[in-house]
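As structure tokens, the structure follows; a few thoughts come after it.
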Amino acid sequence: MRHSYRFVAAFLSAAILAACGGANNGLYSSTPLSVTRSQPALGPHAANRVTEKVLHGFTGGSDGAVPVNVILTDMKGVLYGTTEQGGGSGCQSSDGCGTVFKASTSGAESVLYGFKGGKTDGQYPKGGLIERSGVLYGTTQTGGANSAGTFFKITASGKETMLHSFGGAVGSGYDGVYPYARLIYVSANDMFYGTTLYGGSGSCYGGCGTVFSVTPSGKETVLHSFGGGQDGDFLSGSLLYSNGELYGTTENGGGGGGSTCSNTSVPVGCGTIFSVSTSGTEKVLYSFTGGSDGAYPDGGLIDVNGKLYGMAQQGGAGCGGGGCGTIFSLSASNAFHAIYSFQGPPNDGAFPWGNLTNVDGVLYGTTDEGGASTACTISTGTTGCGTVFRVTTSGKEQMLYSFEGSPDGAYANTSLLYAKGVFYGTTLFGGSGSCTRAGGSGCGTVFSLTTSNR
């Protein structure tokens, strides 16, 4: 089951990734790394040229390393994000406990904060940051009083405050455990909403995951505990808010797929699309089967003209029996449609990651693997360092850019930010630095991408 890497990356990545340089407790700043590439877009109606630039290559040590599942935040023209590792000494293998960083759109980067871990601070931030009134908020996957993650805030000058520790006893179960995706903020009720991989009162080992709300001061409430089986299990994607309802996906559960989606011999379900009211009433809207519809949706959803769009990391055609992943839509009446099936390398991406980005009715996103390069090869045998693609809502897709490995990016583990005609994102590896993994090298990048014809 390919998506087992997601489980490992979610909470054991510090143990399996190589150390990223020496430790240094001081803040880090850098000048831009100049790596620019131009490629012709592939497929029908291709853009004339696509230009990708590595704005910053993480180096580990005092700098960050390995930006996991990051959606960059644009605040007054400056990009803010998180890295899972780096930032100084501490945590496993002295890789560092992770960072909050900022980068200019020309690539000058500095570390605002290096997490300390332990009971009084978070460690291993995932997902990126969300802004409220000029202050940034986020979560770490571990650390805090129960070693199950934290909710924190940080000012633009780098003053960090831990506001909530996940994993405490709540009623007959537990608070959420291991928040992974980026929070969303709803200004109408001044509330943040998020998901956790584990925790809650469900019968899965460690709990089946939760949807939670949390106030800006850190008062957290579990809105729904997933139960596994026909209900969802394992929430790695962010939420979407619309008219008082929260929409999201679970990577497992739903009861669909039988042996198609199993952990060894035990069926776990191919994942779900769900809604949860802000008062906590949950409904499963669709259960994936692992066939042409897709399997293991690990990202969030977006709303385009009243219809939800998202991606499943497996299923569909290509990449052997498991499929390379799909793009799907769900109407307001819960009519499901798989609008595109990824074909894999060398002419298409494989295993889409994160959220789609809507620009004038055209959807843009990234794949973790696939593309033309052979510089990155994982144990499954799939080649390619990841891609950036675009797709119409009717399913016409084209690969815009194929990452090439160091010193370019590798493994586009990101959701794209679109600002003033330019796309911004991160790659898990690539760039400079000494981190290594399965054919890839470098400690990750921040990149920009422009097209001559959107």
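Read-outs throughout are calculated quantities, based only on the coordinates presented, and are distinct from any laboratory measurement. Values in this document were obtained by computation on a predicted structure and should not be read as measured data. Note that we place each Cβ from the backbone using ideal geometry, even for glycine, and neighbour counts take in every protein chain shown.
The packing ranking of peptides 331-340, 158-167, highest mean first, is 158-167, 331-340, where packing means the average number of other beta carbon atoms within 10 angstrom of each residue.
Projecting the Cα atoms of Gly114, Asn355, Ala372 onto the charge dipole of the range 34-451, computed from C-beta unit charges around the Cα centre, puts Gly114 farthest toward the positive end.
Working from the pairwise distances between different alpha carbons, so that the mean of 1/r is found and then inverted, what is the range 385-435's Kirkwood radius in Å? 12.0 Å is the Kirkwood radius here.
Positive end of the charge dipole of the range 34-451 (Lys, Arg +1 and Asp, Glu -1 on Cβ, about the Cα centre): tell me which of Thr155, Gly318, Val222 has its Cα farthest that way. Selected residue: Thr155.
Pairs of Cα atoms in the range 349-425 fall into 10 Å distance bins, from 0 up to the last occupied one, in shares of 21, 51, 24, 4 percent. Listed by chain and number, the aspartates and glutamates whose alpha-carbon sits under 13 Å from that of Lys219, ignoring those within fewer than 8 places in the same chain, are Asp175, Asp190.
Placing unit charges on each Cβ (+1 for Lys and Arg, -1 for Asp and Glu) gives the range 34-451 a dipole about its Cα centre, and among Pro267, Ser448, Asn305 the Cα reaching farthest toward its positive end belongs to Ser448. The dipole here belongs to the chain: it is taken about the Cα centre, uses +1 on the Cβ of Lys and Arg and -1 on the Cβ of Asp and Glu, and is about 540 debye. For semi-axes √(5λ) of the Cα gyration tensor in Å, which listed value, (1) 28, 28, 20; (2) 40, 27, 21; (3) 38, 31, 22, comes from the coordinates shown? It is the one labelled (1).
Are any of the pairs Lys102/Lys283; Lys153/Lys283; Lys53/Lys102 more than 27 Å apart by Cα-Cα distance, and if so, which? Spell out each step's value before the answer.
Values: Lys102/Lys283 38 Å; Lys153/Lys283 31 Å; Lys53/Lys102 17 Å.
The answer is Lys102/Lys283; Lys153/Lys283.
Under 5 Å from the amide H of Leu239 lie the amide H atoms of Ile184, each residue being 5 or more positions distant or on a separate chain, with H modelled from the backbone and absent for Pro and chain starts. Shape class of the range 99-221 from the Cα gyration tensor (axes a ≥ b ≥ c, square roots of the eigenvalues): prolate, since a/c reaches 1.5 or more and a/b is larger than b/c. Highest average first, the peptides 68-74, 233-239 ordered by how many other beta carbon atoms sit within 10 Å of their residues are 233-239, 68-74.
Provide the gained length on full extension for the span Ser110 to Asp303, in nm with one decimal, where the gain is 0.36 nm per separating residue minus the Cα-Cα distance. Provide the component values of the computation, followed by the final result.
Numbers: separation 193, 0.36 × 193 = 69.48 nm, distance 3.38 nm.
Once the chain is fully extended between Ser110 and Asp303, it gains 66.1 nm.
Listed by chain and number, the lysines whose C-alpha is less than 16 Å from the C-alpha of Lys119, apart from same-chain residues fewer than 8 away, amount to an empty set.
Can you pull the percent of Cα pairs in the range 252-336 with separation above 23 Å?
Details: 741 of 3570 pairs.
Here the long-distance tail beyond 23 Å is 21 percent of all Cα pairs in the range 252-336.
Taking every C-alpha pair closer than 8 Å and separated by at least 6 residues, the mean separation divided by the residue count of the range 34-451 gives a relative contact order of 12 percent. With the highest mean first, a sort of the peptides 96-102, 368-374 on other beta-carbon atoms found within 10 angstrom per residue produces 96-102, 368-374.
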